[in-house]
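Notes follow the structure.
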C-alpha cells in the first residue's frame, strides 16, 4: 500500500526560512536527506520531491471543454505543500 507523507509549511511568512542561520538550515537539510536515505535503504521509498515556493505554485484543473485552468495555489489554506515522500508499506502500522 502506498502512502504520501506531506511536508506542509506556513504560507504566510515562508520567506523567513531563507533567513534561518546557516547551521539551522544545514541541519534541516541533513535531516531530510537522512530521512529520505533511511526510507530508500529500507526499500520503502517510492518517490519524493521538494516543491517550489508559494509564489510559483499553480493549481491546474479541468475547465470547459477539458481545457486546463490554472489558478494560484489553494487560496483557502494557510499552508502550502513544500514537498512529499511516497512510501510503500505493508500497512499504516508497518512503520517507516
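See the values below:
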quantity	calculated
Residues 4, 86, sorted so that the one with the fewest Cβ neighbours within 10 Å comes first	4, 86
Residue order, fewest to most beta carbons within 10 Å, for 51, 39	51, 39
Fewest-first sequence of 14, 85 by Cβ atoms within 10 Å of each Cβ	14, 85
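No lab work stands behind these numbers, since they all come straight from the coordinates. Owing to the predicted nature of the structure, the values given are computational and were not obtained by experimental measurement. Reconstructed Cβ throughout: ideal geometry from the backbone, glycine too, with neighbour counts over all protein chains shown.
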